[in-house]
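Here is the structure we will look at.
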Amino acid sequence: SKAPIVILEQTPGLDYGIFIEMINDSGATVARGDLVTLDTAKGRNYFTTTTSGNSNLVIGMVAERILDKAKGLVQIYGPTKYLKVNGTTDIAVGDFISTFTTAGIGQKGTIGSGNCIAIATEAYAADDSSGVIDAFLLGSAR
């Protein structure tokens with residue numbers, strides 16, 4: 001199999017940033033703004049979703065709708081206005097974002113988790129998982 005494609009400039013319809021092409025192995029279609037994790041069963045070119053809060057396997061955010069078993073772009077670095085989050089624990093500008101217990105959703109990163117994927121550049125405080133915020137993706141700590 002070929003190495004992922006890295007896009008270092010703006011892609012039409014996407015934010016500026018760094019994107020990689022990966023294969024969705026989550027068992028379902030994923031949508032723009034969903035956080036995804038490395039699929040350790042398949043390896044380097046595959047991603048899945050998680051319901052683990054503060055997952056240390058988080059790799060980025062889906063940049064487009066991707067069907068199960070299909071290839072698509074995952075943003076790993078740079079600004080976005082599409083990051084999906086839960087605001088049960090209020091998110092303020094400057095807070096780190098990690099995975100939440102609902103697949104594809106981010107949350108305010110917890111102190112010491114070390115598994116944060118983004119910095120919020122927009123606040124969200126509603127007690128639900130319907131938030132879509134501006135953020136800056138930092139790339140995976142892994």
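Of all positions in the range 104-111, at least one carries a residue that is open to solvent by 50 Å² or more (accessible area, probe 1.4 Å), under 20 Å from S130 (Cβ atoms), modelled with pLDDT of 95 or more and assigned to a strand (DSSP E or B).
If I ask for residues that are basic (K, R) and more than 22 Å from K81 (Cα to Cα), which ones from the range 18-70 would you list? Matches in the range 18-70: K42, R44, K69. Only residues that are open to solvent by 50 Å² or more (accessible area, probe 1.4 Å), farther than 18 Å from T102 by Cβ and among the small types (G, A, S) were counted in the range 20-74, giving 1. Selection over the range 44-66 of residues that are part of a strand (DSSP E or B) and either free of Cβ contacts under 8 Å to residues at least 60 places away in the same chain or over 22 Å from K108 (Cα atoms) (or both) gives a count of 5.
State the number of residues belonging to the range 117-126 that are open to solvent by 30 Å² or more (accessible area, probe 1.4 Å) and not aromatic (F, W, Y). Within the range 117-126, residues that are open to solvent by 30 Å² or more (accessible area, probe 1.4 Å) and not aromatic (F, W, Y) number 6. Taken across the range 10-22, residues that are at pLDDT below 95, among the aromatic types (F, W, Y) and not in a strand (DSSP E or B) do occur, with at least one present. Among the residues examined, K69 qualifies as outside any strand (DSSP E or B) and at pLDDT 95 or above.
The values are calculated or read from the model by the stated rules, or taken from the named source; none is laboratory data. Worth saying up front: this structure is predicted, and the values here are computed from it rather than measured. With ideal geometry, Cβ positions are generated from the backbone for all residues, glycine too; neighbour counts draw on all protein chains shown. These area figures cover heavy atoms from the full protein model, side chains too; ligands, DNA and RNA do not enter into them. Shrake-Rupley method; radii C 1.70, N 1.55, O 1.52, S 1.80 Å.
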